[in-house]
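Please read the structure below before turning to the comments.
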Amino acid sequence: MRLFAVILSLLLYVMASVDYVYAHHAVVSGLGTGRSGPITTASAVPVSVGGFFSDIRTDLIQFRRFTDSQLLSFAQEDQHVDSTDFTLTSSIGVAYGAMEHLTVGFRMPYVWQHDIREGHSHHDDVELHKEGSSAGFGDLTLYGMYRFLEDKDRDIHIAGILGVSIPTGETTKRTDLGTRFETEHQPGSGSWDPMAGLAFTKHWGGLSLNSNVLYVYTTPGAQRTVLGDSFEYNLALSYRLGKEKHVHNHSHDHGSGNKHDHGGHWHVDWDLVTELNGVWTQKQEIRGKKDNDSGGTILYFSPGVRMLVGNHVSFTAAFLYPIQQDPNGKEHEVDYRAIVGAGVGF
């Protein structure tokens, strides 16, 4: 319980101190069960019956931002293109083993989009609007994952995922100029977005193969905006290195004759993880008009590592490098993405 309290305090601290290129579509990922497994890709192995798994992850996306002169040039061509420096999303998730094959859970994000700028044209004049940063709680995602196939002999698991993004996030944030941010730059979407997908897991001892797909259907939200459907596809290979270190805590005599037993031992295991993470996003629609400078496809190569402390605590880190990008119109590209997280099962 003491260790749990320390870890929980750490999670809450990270949460309080801190987006996701597709910030309005929370990813159902990181359903760890203590075995070797993925970081971003969803696992098909459910949480044990009556057990909880809680994690927090911080996701940084650094964009290849447009310069002020580029934005003004676009505005001269009557193209209102915007640019964001980076997006930082910190989310906390909880999963519960409701039945032998059923896991239910939620994920709640806090979203920060930094240094939003946009070029505007007024008759024959163009000007740059430095709108500032947008930050706040995003939309809550509720989901259920049901494992409908388990082959114990071959250690194969297949599960279905159903969920919905609920418009709990803030949608009325204002710019430094006093105007309301467009919906794509708000922490929340204002829309109810159902999602469905599949997850696959196969183990060979310490080696694991995981894959999942997830489709998010977006509905009209704040300011008559439809942010656009998204389709996520992930593949992960992970390997458990084994027990690298054992630390034993013994009883200590402090001279008074009273012995303090710190009890038992803990060990550290390591997982090496390699993933391919892809997402396609549809063009957004604002007041019935398609935004041709939004959406597109991106594929990441994502090496990562997980450290497991004892049987309950894990820490993760991954670097996601875009190996293929096909943005629509003047949508800016991603430079890189980084994820760190911590989780605890009990």
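The values are calculated or read from the model by the stated rules, or taken from the named source; none is laboratory data. No experiment lies behind these values; they were computed from the predicted model shown. Note that each Cβ is placed from the backbone with ideal geometry, even for glycine, and that neighbours are counted across all protein chains shown. Surface areas here come from the heavy atoms of the whole protein model, side chains and all, with no ligands, DNA or RNA. Shrake-Rupley method; radii C 1.70, N 1.55, O 1.52, S 1.80 Å.
W192's amide H: which non-local residues (gap 5+, or another chain) put their own amide H closer than 5 Å, with H modeled 1.01 Å from N in plane and none for Pro or chain starts?
T219
With Cβ to Cβ distances under 14 Å as the rule, what net charge do the other residues near E131 carry (K, R +1; D, E -1)?
-3
Can you pull out the trypsin sites (Lys or Arg not before Pro) in the range 286-320 whose DSSP state is coil and whose Cβ has at most 12 other Cβ atoms within 10 Å?
In loop regions of the range 286-320 (DSSP not H, G, I, E or B), the sparsely surrounded trypsin sites (Lys or Arg not before Pro) are R287.
Which value, in Å² and to the nearest 10, is the accessible area of R240 when all protein chains are kept and the probe is 1.4 Å?
Rounded to the nearest 10, that gives 50 Å².
Taking the Cα centre of the range 43-106 as origin, sum charge times position over the Cβ atoms of Lys and Arg (+1) and Asp and Glu (-1), and report the length of that vector in debye to the nearest 20.
Numbers: 3 positive and 8 negative charges, 56 e Å.
Once rounded to the nearest 20, the dipole reads 260 debye.
Return the sequence-ordered ³J(HN,Hα) values of the range 201-208 in whole Hz as given by the Karplus equation 6.51 cos²θ - 1.76 cosθ + 1.60 applied to θ = phi - 60°, using x for Gly and Pro.
Result, rounded to whole Hz: 9, 9, 10, 10, x, x, 9, 10.
Heavy atoms of the protein only, probe of 1.4 Å, neighbouring chains included. What is the accessible area of L177 in Å², nearest 10?
Per-residue accessible area (L177): approximately 100 Å².
What pairs in K202/K283; K202/K290; K173/K330 have C-alpha atoms more than 31 Å from each other?
Working: K202/K283 35 Å; K202/K290 41 Å; K173/K330 24 Å.
Beyond 31 Å between Cα atoms: K202/K283; K202/K290.
Ordering L198, L162, L308 from largest to smallest accessible area (1.4 angstrom probe), what's the sequence?
The ranking, largest first, comes out as L162, L198, L308.
Apply the Karplus parameterisation 6.51 cos²θ - 1.76 cosθ + 1.60, with θ equal to phi minus 60°, to every residue of the range 131-140 and state each ³J(HN,Hα) to the nearest whole Hz, in sequence, with x for glycine and proline.
7, x, 10, 10, 8, x, 6, x, 7, 6
Over the range 128-227, average the accessible area per residue using a 1.4 Å probe and give it in Å², no decimals.
45
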